[in-house]
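Have a look at the structure below, then the notes.
Each reported figure results from applying straightforward, stated rules to the coordinates on display, with no laboratory input. Predicted, not measured: the structure shown is a model, and the values here were computed from it. All Cβ positions, even for glycine, are placed from backbone atoms using ideal geometry, and neighbour counts span all protein chains on display.
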Amino acid sequence: MMNDSWIDFQYYQYKLIKEHINSTPPNRISQTIRKVHASALNNLGYNHMNKSQFDLALKFYRESLSIAVDIKDYSEISTLYNNIGMVHRNEGDLPKALKYYKKALGIRKNLGDIKGIALSLNNIGYIYGLQGILNEANKYYLYALKLREQINDKSGIALSLNNIGYIYSMQGELDKAIEFTEKSLKIRLEIGDKRAQAFAYNSLGSLYSQRGDLELAKKSIKNSLAIREKTEDIQGVAHSINSLGLVYEKQKKFDKALDCYYRALKIREDIGDDYGKVYSCLSISKFHLTKKDIYTAKEYAKKSLTIAERIGLPDAIQNSSLILSEVYEKQGKGLKSLEMYKLYITMRDSIYNDENQKSITQQQAKYEYEKQKAIDDAEHNKLLAIEQEGKKKQKILTYAIAGGLGLVVVFLLFVFNRLQVTKKQKLVIEEQKLEVEKQKEEVEIAHSELEEKNKEITDSINYAKRIQNAILPPAKVVKEYLKESFILYKPKDIVAGDFYWLEQKDGKVLFAAADCTGHGVPGAMVSVVCNNALNRSVREHGLTDPGKILDKTREIVVAEFEKSDEEVQDGMDIALCSLEGNKLHYAGAHNPLWIIRSGEIIETKANKQPIGKFDNPLPYTTHTFDLQKGDAIYIFSDGYVDQFGGQKGKKFKTRAYRKLLLSIQDRHMEDQKIIIDDSFETWKGNLEQIDDVCVIGVRI
């Protein structure tokens with residue numbers, strides 16, 4: 001169990017070693033101390049990996065690796081390559097995990113480390129299994145099992161049996177899968193390996209569930225969960241909770257199932273487990289599809305597919321694309337449905353093809369034959385030895401044989417000398433290779449540090465997004481005051497310069513679509529200033545007339561920017577409406593108002609001056625309208641019509657936008673939002689989104 005006290009002890013031990021190194025001249029630090037230093041760093045990395053603190057684990061592993069390369073500790077280097085591979089596997093970066101596992105395998109083969117070779121073979125097989133290359137995975141698993149049986153590595157044998165069971169489950173052979181997994185659990189119970197027991201219990205629970213033994217499945221998964229909670233295996237806890245949700249769903253305990261799925265997803269998001277997020281999103285998507293909530297099903301299936309394609313998980317791509325195919329079919333999007341179904345077929349065939357199954361069956365048969373042959377050969381050799389022992393020794397040509405042996409001795413001395421020379425040459429090559437590896441690791445560490453900095457920046461921007469989202473009116477508030485409405489909000493980057501705004505005062509509903517200078521972080525900073533100015537105009541100054549609100553907002557924004565030592569030219573374009581019953585008041589800065597009535601667009605242009613610093617500013621004009629039942633109001637930023645796309649890569653333009661809105665007037669507002677969004681994505685295609693997009697539609 002990796003508890004906090006154990007980690008504290010490891011840090012204390014590391015601190016003592018570090019203090020000794022810092023107080024000793026570099027030329028007097030012994031190899032033993034440096035080796036102990038590398039080992040302490042490795043232990044800290046391992047502890048943090050088990051607590052799913054992957055960034056910290058990588059930091060310690062890389063520090064340890066740098067020392068191990070310097071002192072040419074090949075055994076430690078192979079261990080560290082393996083551990084770094086495990087971190088990348090847990091993060092969902094399968095190609096990088098495979099790369100480090102193969103590095104570890106190469107060194108262990110040179111060292112003749114049978115146990116280490118078997119571990120590396122197993123880990124490589126595991127990655128191939130996740131990637132859906134099942135015949136390769138099975139080949140590596142069987143090779144690892146063979147080596148582990150030779151050295152009687154019980155823990156390793158149990159792991160190999162469990163993984164072979166996984167391959168059978170992927171091929172739909174549940175009885176075989178359960179047989180191998182139960183063998184694995186039996187060994188793990190004998191040797192007392194708690195974490196491995198938890199893994200086996202969870203695997204068995206999933207298999208029992210597939211077979212329909214739901215109570216047995218629930219009991220097995222709960223055993224797994226209890227062990228994982230006790231051993232603080234956070235990643236494993238999320239795995240077991242998600243598996244339990246699948247069982248509850250089959251038992252029609254839907255509230256419990258959904259609760260499990262969201263709890264598992266929250267844990268996986270917190271620890272950065274991309275691999276786990278894929279399957280949590282998939283579980284949530286499948287659940288909502290069965291409940292005919294196609295919008296939520298689509299949202300989570302898209303999330304699952306995006307991550308699965310990025311990290312390479314064929315079975316998840318298969319399941320996500322099938323869900324999306326069904327969703328698009330229900331939405332009447334035949335081409336998209338067909339596209340997703342083709343992807344589903346491609347992934348399904350790559351996993352379940354006859355060649356894979358035949359190859360796996362042949363590999364298993366070959367393994368069983370070679371195992372039996374080894375037993376038969378041993379018995380045969382024993383009989384021969386007994387027979388030869390009974391024969392009389394002959395003494396013919398004794399001297400000739402002695403002379404021949406003399407020549408053999410001379411020859412062996414020559415061979416030994418050449419082997420020593422070759423060994424020295426090999427050591428020189430290995431040292432050169434390690435130097436290259438060290439330089440490569442330094443580059444990778446520098447790259448990793450850059451990635452870490454980028455991650456810090458991205459995390460900061462994501463936090464800024466949370467702040468920006470907090471100033472946007474919640475969907476339930478919008479629906480409370482504008483019942484038949486939609487808001488399409490598509491930031492170009494994580495944060496945006498566009499924003500939408502809503503306030504209620506004196507029986508009037510005030511709402512706006514705003515476009516601040518720029519996009520991304522600069523645009524978002526301007527949007528906070530402008531949003532605050534709108535709020536103050538209404539809340540502090542009590543204004544409800546759109547023109548007067550914009551006048552006061554401009555005054556506040558200019559005053560804020562004038563506090564800067566540098567001249568700030570930033571500002572905001574906006575369309576602002578006030579709705580009370582059927583009476584609409586509108587004022588705008590650059591952004592117009594469209595009212596669609598009886599198949600025609602009534603356009604009201606805005607003042608040609610921004611909310612910001614402007615030469616010879618004039619008061620904003622308030623326009624008043626008596627609305628009729630069925631009228632549709634639209635306000636928007638310019639991001640939609642300015643988007644490049646289509647076959648010729650041109651702008652969408654206002655004319656096409658008018659035509660689109662007129663064509664969907666018979667649809668509900670939420671359906672209009674979906675159509676407008678899909679039209680935008682179809683037009684954009686593979687091109688980059690050039691600006692933030694904000695569209696608000698309201699029907700009277």
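Taking other C-beta atoms within 10 angstrom as a stand-in for reagent exposure, E19, E484 fall in the order E19, E484, fewest first. Look at the dipole of the stretch 53-172 built from charges on Cβ: of L58, S75, N110, the Cα furthest out on the positive end belongs to N110.
All other residues with a Cβ under 12 Å from the Cβ of V36 taken together, and with Lys, Arg as +1 and Asp, Glu as -1, what is their net charge? Charge balance in the 12 Å sphere: +1. Summing charges over all other residues whose Cβ lies under 13 Å from the Cβ of E603, with Lys and Arg as +1 and Asp and Glu as -1, gives +3. The calculated FRET efficiency for the pair K115 and D349, based on their C-beta separation and a Förster distance of 41 Å, comes to about 0.65. If the segment from R597 to D175 were pulled out straight at 0.36 nm per residue, it would be longer than the present Cα-Cα gap by 145.3 nm.
Using a cutoff of 8 angstrom between alpha carbon atoms and counting only pairs six or more residues apart, the relative contact order for the stretch 7-112 works out to 20 percent. Applying 1/(1 + (r/R0)^6) with r as the Cβ-Cβ distance of I675 and L618 and R0 = 51 angstrom yields a FRET efficiency of 0.85. For the stretch 216-295 versus the stretch 628-652, the spacing of their alpha-carbon centroids is 41 Å. Inter-label distance, K605 to N454: 4.6 nm, where each label sits 7 Å from its Cα along the C-beta direction.
Amide H contacts of A513: A575, each under 5 Å away and 5 or more positions distant or on a separate chain (H built 1.01 Å from N in the peptide plane; Pro and chain starts excluded). In this structure, the residue pairs whose Cα-Cα separation is over 19 Å, taken from K286/K684; K648/K684; K115/K186, are K286/K684; K115/K186. Of the peptides 294-304, 585-595, the order by per-residue mean of other Cβ atoms within 10 Å, starting with the highest, comes out as 585-595, 294-304. Judged by the mean number of other Cβ atoms found within 10 Å, the most tightly packed of the peptides 108-116, 77-85 leads the ranking 77-85, 108-116. The residues neighbouring T231, those whose beta-carbon lies less than 9 Å from its own, together hold a net charge of +1 under the Lys/Arg +1, Asp/Glu -1 convention. Packing-based ranking of 598-604, 674-680 yields 674-680, 598-604, ordered from highest to lowest mean Cβ neighbour count within 10 Å.
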